[in-house]
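The values are calculated or read from the model by the stated rules, or taken from the named source; none is laboratory data. Please read all numbers here as calculations on a predicted model, not as lab measurements. Here the Cβ is made from the backbone with ideal geometry for all residues, glycine too, and neighbour counts use every protein chain on show.
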Amino acid sequence: MKKQGCEIEAIGINYNIYSKEREHPFKIFSKEQQPDEQNAKFKETHPKVRRVLKDVNCRAKPWEILAIVGPSGAGKSSLLEILAGKLTPQSATIFVNQKPIEKSHFKKISGYVTQKDTLFPLLTVEETLMFSAKLRLRLPPSQLSSRVKSLIGELGLGHVAGARVGDDRVRGISGGERRRVSIGVDVVHEPEVLILDEPTSGLDSTSALQIIDMLKSMAETRGRTIILSIHQPGFRIVKLFNSILLLANGSVLHHGSVDQLGVHLMLMGLHLPLHVNIVEFAIESIETIQQQQSLQQVLVHEEMVSQLPSSTPLQNKKVEEGDKFTLQQLFQQSKVVDEEAISIGEIIDIGIDLPCGFANSRLRETIILTHRFSKNIFRTKELFACRTLQMFITGLVLGSIFYNLKDDLVGAEERVGLFAFILTFLLSCTTEALPIFLQEREILMKETSCGSYRVSSYAIANGLVYLPFLLILAVLFTLPLYWLVGLNRNFMAFMHFLLLIWLILYTANSVVVCFSALVPNFIVGNSVISGRDGFVLLVLGVLHIEAWDSQLLDFHALYIAVQVSL
Ligand SMILES: Nc1ncnc2c1ncn2[C@@H]1O[C@H](COP(=O)(O)OP(=O)(O)OP(=O)(O)O)[C@@H](O)[C@H]1O
């Protein structure tokens, strides 16, 4: 028996972007009040609207591929992001099997593959899919393993299952294979709907065809609904699409099969030249299509006005006011009752089992994420080797500079200087963790937004993995330093000092993680962290003088002061 599948219908998508037109910053220095300046002030308070999507309707059927095509900037990615629930439009209703659905429920039955591959480069293909399966499925280990093996077969990745994924810096599998892994990560939980933003971007024609071929068999064998955007598809790729949505300037110019597009163009007097791909031809002829369609709209409008006496008073009023009153709006009105039902929290039966909650308990999520983190950390050999060497050598060098400090007044002053050096070094050496966390942040955002796990589990796992690693670094730094400087020979005092170094490293590391979650990119992150280091140095400078003046030589006080300054 044929599986029901999901028919997706999006009605009346309107998406605007508001941007403020600002004055030139140097204009504040200009001497005379131009009349234009008053206008500029007006513009400041009245944001500029950019209509990215205008009344877009689309329908995607199960067992089929719907391809969204159009020139650059047509609104393809925006439409896909809205369908995937990543963007919130000003108006839109999404129906699954003729029933309206909430964004959170739709996310559970769909997978969204972004244009950029967000994968861990140091994990193998099999590990990547296995971790994704563990995080998204509630199955015993044997079933998880067989699910991953069959998925690897389906994706045609059997020959690279044990190879590292890689990225721009780490050598790994090919770009086409990496795209397939990205698709695998999002289909491991068997979503009914798969949304892909440019799955063939940056690939050669053969790899692009292989990807679309694979998606076609996914649609045909599993009854999935596949919606994708694509740039310049080749002849053979176009043949695999069941339906095409042609977008230009945020409006739909055609929605139907490839053959219908051919007929549509012919009716407009546009004849497809020999050896030219129909999609490419349609994109090239967008201006003509738009002109013809606006002409048709005028004719339809005139026809509607001529039929006014037979319409209802409400409809008459709208048409008279010049409002657009389309079939789509009538359709929306007929579904208002359904929308009200979901607005009061009632879950409407769409004929599909909605997975509820997270696949794993908080503890299990933490264990899986800790396992994944430790694999990544231990495989980042250069970071591991560099940091251990750096800590040991710095411990030795600092120990030699402050060798065998005396217990007199001069020795006490030098100790304060040593602690200032230690803190400055420990804080600045964590900056290199920033790019690692920024890369991970994209994966974290992607995984948590589709409900793979809780953010708190990620934070705990992250902390658990770094604690032993930072302890090793603290020991390597403290051992040579402590004994060369000749600090308190008592074992408990040494342990106390080691604990403080470990905690400082952990705090500094956590601050970098916190900043990497807040800043948009590496440049801003680096500046913020440099600012933090500068501020800490200032505080230490003040404390150094204060400490000497007031005989405040207690290391605890210095440590607490730095903690507060962080
Ligand atoms: N956050 C934003 N700020 C400003 N403009 C935006 C933003 N997001 C989208 N746009 C604009 O909206 C339009 C549609 O963007 P979108 O990325 O959806 O187009 P696209 O068809 O996917 O383009 P491409 O094929 O080049 O990726 C573009 O003109 C783009 O500049």
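Could you tell me whether the stretch 399-414 includes any residue that is outside any helix (DSSP H, G or I), within 23 Å of L476 (Cα to Cα), at pLDDT below 85 and of a type in the set (S, T, Y)? No, every residue in the stretch 399-414 fails to be outside any helix (DSSP H, G or I), within 23 Å of L476 (Cα to Cα), at pLDDT below 85 and of a type in the set (S, T, Y). Restricting attention to the stretch 57-107, the residues that are within 16 Å of the ligand (Cβ to nearest atom) and basic (K, R) add up to 2. Whenever a residue of the stretch 68-81 is in contact (Cβ under 8 Å) with a residue 12 or more places away in the chain, its partners that are within 6 Å of the ligand (Cβ to nearest atom) and in a strand (DSSP E or B), lying with C-beta atoms within less than 8 angstrom and at least six residues away or across chains, give the pairs G75/V52; S78/V52. The strands (runs of 3 or more DSSP E) found entirely in the stretch 52-119 that carry 3 or more residues being of a type outside the set (A, V, I, L, M) and buried (at least 22 other Cβ atoms within 10 Å of the Cβ) are 110-113. So is L427 over 30 Å from V188 (Cβ atoms), surrounded by fewer than 20 Cβ atoms within 10 Å (Cβ to Cβ) and either at pLDDT below 85 or of a type in the set (A, V, I, L, M) (or both) or not? So L427 fails the test.
Would you please name the residue that is surrounded by the fewest Cβ atoms within 10 Å (Cβ to Cβ), looking only at residues in the stretch 365-412 that are within 30 Å of V485 (Cα to Cα) and among the hydroxyl-bearing types (S, T, Y)? The qualifying residue surrounded by the fewest Cβ atoms within 10 Å (Cβ to Cβ) is Y403. Out of G166, G176, G162, G158, I need the residue that is away from the ligand (no atom under 16 Å from the Cβ), under 19 Å from F131 (Cα atoms), among the small types (G, A, S) and under 21 Å from the mean Cα position of the chain (by Cα). Which one? Residue meeting the stated conditions: G166. Restricting to the stretch 234-257, and then to whatever is part of a loop (DSSP other than H, G, I, E, B) and more than 20 Å from W63 (Cβ to Cβ), can you tell me which residue is nearest to the ligand (Cβ to nearest atom)? Going through the qualifying residues, I end up with G250. How many residues are in contact (Cβ under 8 Å) with a residue 40 or more places away in the chain and either outside the structural domain of V69 (by TED's automatic domain parsing) or in a loop (DSSP other than H, G, I, E, B) (or both) when one looks only at the stretch 258-285? Selection size over the stretch 258-285: 1. Among the residues of the stretch 189-207, none qualifies, meaning not one is out of contact with any helix residue (DSSP H, G or I) (no Cβ under 6 Å at 6 or more places or on another chain), of a type in the set (D, E, K, R), under 21 Å from R222 (Cα atoms) and crowded, with 18+ Cβ neighbours inside 10 Å.
Condition check ((1) within 16 Å of the ligand (Cβ to nearest atom); (2) hydroxyl-bearing (S, T, Y); (3) in the same structural domain as E280 (by TED's automatic domain parsing); (4) part of a helix (DSSP H, G or I)) across all residues:
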{"site": "P191", "(1), (2), (3), (4)": "no, no, yes, no"}
{"site": "L194", "(1), (2), (3), (4)": "no, no, yes, no"}
{"site": "P199", "(1), (2), (3), (4)": "yes, no, yes, no"}
{"site": "L203", "(1), (2), (3), (4)": "yes, no, yes, no"}
{"site": "T206", "(1), (2), (3), (4)": "no, yes, yes, yes"}
{"site": "I211", "(1), (2), (3), (4)": "no, no, yes, yes"}
{"site": "S217", "(1), (2), (3), (4)": "no, yes, yes, yes"}
{"site": "I226", "(1), (2), (3), (4)": "no, no, yes, no"}
{"site": "Q232", "(1), (2), (3), (4)": "yes, no, yes, no"}
